[in-house]
Amino acid sequence: MLSRTASNLFWMGRNLERAETAARLLDVGQRITLLPNTELGYQNEWNSLLQASGSSDLFREKYGDITQENIEEFIFFDRANPSSVASCLEKARESGRIVRTALTSQVWDALNVSYQELRKIERLPRSKLDTASLTDFTTGHTSTVRGAINATQLRNDGWHFMNLGYGLERADATARLLDVKYFVLLPRIEFVGSGLDTYQWQVILRALSAHRAYHWAYGGDITAGQVADFLILNGESPRALITSLYETVWHLEGLARRYGDGVPISARDKAREVLTALQARDIEMIFDEGLHEFLSWFIRELAEISNLVHQDYLLGGA
Amino acid sequence: MMSYYNEMFEGDRVRDPYARLRDWVETMPDDFRQMKQAEAEALFRRIGITFAVYGEGGDPDRLIPFDMMPRVFEQAEWRRLERGIKQRARALNAFLRDVYGRGEIIRAGRIPARLVYQNEAYEKSVVGVVPPRGIYSHIIGIDLVRTAKDEFYVLEDNCRTPSGVSYMLENREIMMRMFPQLFRNNRIEPVDQYPDLLRRTLESVAPAKCSDRPTCVILTPGHYNSAYYEHSFLANLMGVELVEGQDLFVDGEFVYMRTTTGPKRVDVIYRRIDDPYLDPLCFRPDSMLGIPGLMDVYRSGGVSICSAPGAGVADDKAIYTFVPEMIRFYLGEEPILNNVQTWTLWKDDDYRYVMEHLPELVVKEVHGSGGYGMLVGPKSTKEEIETFRLKIQANPSNYIAQPTLALSTCPTFVDEGIAPRHVDLRPYCLCGDRIELVPGGLTRVALRDGSLVVNSSQGGGVKDTWVLSE
C-alpha cells in the first residue's frame, strides 16, 4: 500500500473520531446550560472543556464571549477551528476522496453523504437548529461510517491503519478530558469530594457517553477513584485508555504479522511497552503518582507511538 | 440558415439504428422521464462522478449534465471511423518517432521545420530517446464531428492526456442500470473492456530493464484536479496505484514508490500531468507535482512514461493541418478521415482571408483548449469580433481559423421535451503492441439551443454512445 494511502486512512480515522469528540463536547455544553448554575460557573466549565480540546485561545480571540450561539458556531461550524465537526468531517471526507480506491463503496457513500448533509445544514439559518440535532447529526453519521467500515472493509492493512487512527485519537481525547478535570475544573483542593466535584465528574462521564455504563459497571455513587478507574483501567469501558491502547496494539500486531520481517516494528514495540506499563498500575498508584502527571506521561507516550507509526509505515523507506 | 444533419431522422423517416429508440421515447410517459433524470443525477452524485472546477466559485463538485437519449452508430459506420482513427494514430506516432529522430518529413519539405522545432511542445531533451516499441502517444483522443451521412471531420487530436473516458464508462453503466430493457432490445457492443485494454497497453510498453510483470501506476496532480475522479476511477478499475509526485522518488537507475512496506519499483507511469511538471530538475524548478530525476531515469530506459514527454508536438493545432500529409508520407495511404479546412494566420494569404471573413469563421488559439480563447464568428456580436480581431493582429501566428461546421444534431431531452442539439464524439485509441479502441466513445452535447460549443467547461453535457453489432 502506498504510504500516502495509509496516511490518509489513518487520518480519516482520527478525524472521524475527532468529529465525534467535538459533538460530545457540544452535548455536555447543552447539559451545563440546563442545570441550575451561576453564569460564572457555566463560563468556567465551558472554558475548561474548550481547553480540553486545546482550542480555548482560538475561541477567545475570535468570539470573546461564551454564549450558546458562539459555542455552537465554534464547535460545530467554524472551519477556522481545526477540531470543529465541520472541519473534521470535511478533512475525513477529503482523505476518503484521495483514497477512494482503498474504500468500499459503502464507506465512501456514508462519508460522502455525511458531507453532503453537512453542507445542507450549513445553509440553514442557525435559528432553525438546536444543539441536540447537531450532536445527533454528528454521532449518527460517524456511527454510520464506522458501521460501514466494520461491515464491508477487507481486514487488510488499510483497515488496520484506519483503526489505528481511531484508537490513538480516542485514547488521546479521553486522556485530555480527564486531565482537564484535575488541572482546570478543580483548582481548589477543598472541593474534592464535594457536590461540585461529583457534578464535574458526571460531566466528564457524560462527555464520554459513559454515564449509564458507569452505573452498570460500579453501581452506587460517583467517586473520583471509580470514575478514573472506569476511564483509565477498566477494559470493559469502550473509551478507557486501556481499551483504546489495547486495540491500538492489536492493530499494530496485525500490521507486523502481515508485513513480516522486512518492515520495522518500532511502533508495535512501543505500544506494547506502554500497554504493559498501564496494566501494571492500579488506580491508587495513579493517584499517588498524581493524575495529572500520569496523564501527561500517557499523552506523551501516545504522541511517540504516533510518530513511530509515521516512521515505520508512512515515509515509504525513502 | 445552415442546415444540420440529424443523426436520427432522414426527412420524416427514422434512421434504422434509432428505430427502437424512437419507440422507447414515444411510449415513455412524461413523468417517467423526469423521474429517471433525477435518478441518474442521484447516481452520479453518489458515485461521486463530479467535475471539480476549483477556483471558479460555485459548487466545487459540479455534475456534468447527463442526457439519457443515446447517440447511435451502425456497425458499418463505426468500422469506417475505427479504421480512420487507427490510421491517424499510426501516423501521429510515426511522426513523433521521426521528429525526435532523423526528421525525414522535414527534410522532404512536407512540414516546415520551424513549426516543429520551434514549437513549445517540442521537447529537445528527449531527442534521440526512443521509447519502447517506438510509441510516444499511447492514448489518443480524437475529436470528431459529423456533417452529413458519410462525412466526418477530425477537429483535433489529443495525444497527451485526453480525459473523459470515465464518462464513457459511467454513462454506459448508468444507462444499463436504469434501462436494462433498452439493452435487451438493442444489440449494443460493450465498452467495459477499456480498463483491461488500457492496462495491457501500458504493460506492453514496459522498459527493457523490466524483467518481471511490469508495475504500472497512474500519476495524478492530486485531488484538486478537475479530472481527479477519472484518475482514481481508472486506477481502481485497472487495480494499479494512483500516485502523486510525492509518492515517487528516484534512486539510481530506477523510480520507486513509497509504500508501507518500503520502496517498490515502478516500471510504467501513465501520467496525467503535463510535461513541464514532470521533473523539477529538468523542467519547471518550481513544480511540486513531479519527481526530481525522473527524466534521467526515463532517458536511460529505467521507466516508461505514457504519453512520452514531447508527444504534445503532434497534437498542436498548427501541426494538425499536416496530419493528412503524415498519413501519405509515413503510411503511403490516403486519409480515411478528413481534416477541417484550416487557415493558418501566419501565412499572408490566409491572414487576409480570415480577417475579411471573421463573422463566418471559428478562430482558435494554437495552444488553447477546453473551449477557452476561441471566437465562434456566427454566434458572436460585432463587438466581440472586433475585440478578437485586435488580439489576432497582435500575434497572428498564435491563431488558426476554420469554417463554422454544420455539426450534426442528435435528439436530446430538454425542458420542453425532445429537441435536436449539436454533438461531437471523442473515441479513445490505445497504442501499445497493438492499436485498439473500444466500440464507442464520449459524445458531448451542447445543451443550449443553437450552441456549437460542447465543452463541459462551457455548459456542455454528455450522452451514452452506442455501436450496434451486426
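The values are calculated or read from the model by the stated rules, or taken from the named source; none is laboratory data. Everything numeric here is computed off the predicted structure, so don't read it as measured data. Neighbour counts are summed over all protein chains in view; Cβ atoms, including those assigned to glycine, are modelled from backbone coordinates with ideal geometry. Quick note on the areas: whole protein, heavy atoms, side chains included, nothing else; ligands and nucleic acids left out. Shrake-Rupley method; radii C 1.70, N 1.55, O 1.52, S 1.80 Å.
Screening the candidates B:P263, B:P285 for the property of being facing chain A (nearest Cβ under 10 Å), of a type outside the set (D, E, K, R) and open to solvent by 10 Å² or more (accessible area, probe 1.4 Å) yields one hit, B:P263.
A single entry from B:P378, B:P411 fulfils the requirement of being under 24 Å from B:A148 (Cβ atoms) and surrounded by fewer than 19 Cβ atoms within 10 Å (Cβ to Cβ): B:P378. B:G440 meets the conditions (1) open to solvent by 10 Å² or more (accessible area, probe 1.4 Å); (2) in a loop (DSSP other than H, G, I, E, B); (3) small (G, A, S) in every case but one. The failed one is (1). Selection over region A:162-176 of residues that are open to solvent by 10 Å² or more (accessible area, probe 1.4 Å) and more than 13 Å from A:G13 (Cβ to Cβ) gives a count of 1. Across region B:200-220, not a single residue is classified as within 12 Å of chain A (Cβ to nearest Cβ) and charged (D, E, K, R). Here the condition is being free of Cβ contacts under 8 Å to residues at least 60 places away in the same chain and more than 13 Å from chain A (Cβ to nearest Cβ); of B:Y277, B:Y330, B:Y320, B:Y298, it holds for B:Y277 alone. The residues in region A:256-314 that are within 23 Å of the chain's Cα centre (by Cα), of a type in the set (V, I, T) and open to solvent by 40 Å² or more (accessible area, probe 1.4 Å) can be counted, and the count is 1.
In this structure, is B:A401 open to solvent by less than 10 Å² (accessible area, probe 1.4 Å) and either over 28 Å from B:F73 (Cβ atoms) or in the same structural domain as B:A38 (by the TED database) (or both)?
On the way: open to solvent by less than 10 Å² (accessible area, probe 1.4 Å): yes; either over 28 Å from B:F73 (Cβ atoms) or in the same structural domain as B:A38 (by the TED database) (or both): yes.
In short, yes.
Filtering region A:208-224 to residues that are open to solvent by less than 30 Å² (accessible area, probe 1.4 Å) and not hydroxyl-bearing (S, T, Y) leaves A:L208, A:A210, A:G219, A:I222, A:A224.
Return the residues of region B:221-278 that are among the basic types (K, R) and in contact with a Gly (Cβ under 6 Å, 6 or more places away or on another chain); say none if nothing qualifies. Listed by number, the list holds a single entry, B:R258. The residues of region A:80-94 that are open to solvent by 10 Å² or more (accessible area, probe 1.4 Å) and within 14 Å of another protein chain (Cβ to nearest Cβ), listed by number, are A:E90, A:K91, A:R93, A:E94. Report, by residue number, each residue of region B:143-169 that is under 25 Å from B:L198 (Cα atoms) and not in a strand (DSSP E or B). Passing the criteria: B:C159, B:R160, B:T161, B:P162, B:S163, B:G164, B:V165, B:S166, B:Y167, B:M168, B:L169. For region B:241-260: of the residues being open to solvent by 20 Å² or more (accessible area, probe 1.4 Å) and in contact with a Lys or Arg (Cβ under 8 Å, 6 or more places away or on another chain), which is nearest to the other protein chains (Cβ to nearest Cβ)? Top of the filtered list is B:R258.
Does B:R172 satisfy being more than 12 Å from chain A (Cβ to nearest Cβ) and part of a helix (DSSP H, G or I)? Yes, satisfied. Checked against (1) open to solvent by 30 Å² or more (accessible area, probe 1.4 Å); (2) closer than 13 Å to A:L168 by Cα; (3) within 14 Å of chain B (Cβ to nearest Cβ), A:E247 passes all but condition (3). Restricting attention to region B:224-269, the residues that are closer than 23 Å to B:C210 by Cα and part of a loop (DSSP other than H, G, I, E, B) total 8. Close contacts from region B:206-230, counting a first residue that is more than 17 Å from B:D433 (Cα to Cα) and a second that is open to solvent by 20 Å² or more (accessible area, probe 1.4 Å) and of a type in the set (S, T, N, Q), with Cβ to Cβ under 7 Å and a gap of 6+ residues or different chains, come to B:A227/B:S163; B:E230/B:S163.
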